[in-house]
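The structure appears right after this line, and notes come after that.
A short reminder: the numbers here are calculations on the coordinates, not readings from a lab. All values derive from a computational prediction rather than experimental measurement. Here Cβ is always computed from backbone atoms with ideal geometry, including for glycine, and neighbour counts include all displayed protein chains.
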Amino acid sequence: MDFKEYIAEHKKMVYSTICDYVQIKEPKAHYSIMRDYIDRQGSYRRPGLILLTGQMFGVSTEQLRLPASAMQLSEDWILMQDDVEDDSELRRGKPAAHKLYGWIHTMNATNVGQIAMWRMLKDYILKYGVQNGNKIYEKFYDMLAYTMEGQYIENNFIYDIKNLSKVSEDFYFKVVDSKTCYYTVYGPLQVGAIAANQPESTLEILKKIGTPGGISFQITDDILDIIADEKVFGKKNLGDLYEGKVTLIMLNTYKNATAVEKARIDAIYLKSRKNKTPEEINFLLELIKKYDSIDYAKDVAKKYGELAKIAVEENMNKLPNNEYTTMLLSSIKDLYSRNK
């Protein structure tokens, strides 16, 4: 069984738990908005990592059910907020929530998801004890706080800085570490280990695996934003260019561009999403092609993917020898060899 098959096997359990905590009640219109993204069901990669590491260290899926479900629910409400901030068109193949319900009702509905998420974690403490329960609660707090810091840094560039000459790859990797490495990869891995009473040394191993894995995942996501099949990817292509985000692709393009090209890039990045024209986006795409920036990003993603794989292999003797450990390699490969 590979990681995708593993997720498919446990998806129903996680989804049904979330539905138990986020029921559609009066006022139905309010609760239905949060359930909309829940019912669209994303990749479930993050809860899959919690379940995988927990089982790798001998914990039952039932004991991991609440933190795994809280992890997925956090993604659902965070994505809803992200889509409002980015004015995204699509999410999981359908119109973004704010396009359907308006941004005020959508942002308010995200509170439904947040409240239910914290309630799940409280119920975990009540059921399985304060010691581990509180550690998992604190891990969620830390993950989400760091993620929101990264969101601020990224939004500060998009809405205030708006100039690629003011940032570098170090800036990009800072955002990726906060928004992707911790929240998407090594944080979930650590939650599963915490549920199994694993020491801090084990959590550090998982961080060494998850940090390069997360970088590879995000660079791959940036690439897919440009080249993926929208029906498979579930989002509108070129969103990063319209939003004016910092990506490794655009940093490489800007670094190699001529002075005249840089000036036009600067002018485009100064514009808001709604004011960018298709002609301007096509200009950016032509420069990306001219300077082989997709291939550059693919090479970097592959490098970090290999580093994650090496980190797993180097620490095999410190991890249990079972089917879940083998599956962990599959999950790391899935971070960068994917089409959505």
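The table that follows gives values for the structure above.
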quantity: Intensity falloff of segment 3-336 expressed as log10 I(q)/I(0), Debye formula with alpha-carbon point scatterers, at q = 0.08, 0.12 Å⁻¹; calculated: -0.38, -0.86
quantity: Peptides 106-114, 70-78 ordered by average Cβ neighbours within 10 Å, highest first; calculated: 70-78, 106-114
quantity: Whole-Hz couplings from phi, Karplus 6.51/-1.76/1.60, listed for segment 45-56; x for Gly and Pro; calculated: 5, 5, x, x, 5, 4, 4, 5, 5, x, 5, 4
quantity: Table column - 3J(HN,Hα) (Hz), segment 133-141, Karplus curve with 6.51, -1.76, 1.60, x for Gly and Pro; calculated: x, 5, 4, 5, 4, 5, 5, 4, 4
quantity: Placed amide H near R91: partners under 5 Å, 5+ positions off or other chain; calculated: A96
quantity: Ranked packing of 316-326, 298-308, most packed first, by mean Cβ within 10 Å; calculated: 298-308, 316-326
quantity: Inter-part distance where segment 90-162 and segment 242-313 are each reduced to a Cα centre, Å; calculated: 28 Å
quantity: Ordering of 192-205, 136-149, 19-32 by burial proxy (mean other Cβ atoms within 10 Å per residue, highest first); calculated: 192-205, 136-149, 19-32
quantity: Karplus (6.51, -1.76, 1.60) ³J(HN,Hα), θ = phi - 60°, over segment 77-94, in Hz, Gly and Pro reported as x; calculated: 7, 5, 4, 4, 5, 4, 5, 5, 4, 8, 6, 5, 8, 10, 8, 6, x, 10
quantity: Theoretical gain in end-to-end length, I24 to K318 [0.36 nm per residue, Cα-Cα removed]; calculated: 101.3 nm
quantity: Distance between modelled label sites at D295 and E200, nm, 7 Å Cα→Cβ extension; calculated: 4.7 nm
quantity: Segment 164-210 and segment 57-79: distance between their alpha carbon centers, rounded to Å; calculated: 17 Å
quantity: Amide H contacts under 5 Å for L238, placed H, 5+ residues apart; calculated: I226
quantity: Total formal charge among the other residues, if their Cβ is under 9 angstrom from that of G48, Lys/Arg +1 and Asp/Glu -1; calculated: +4
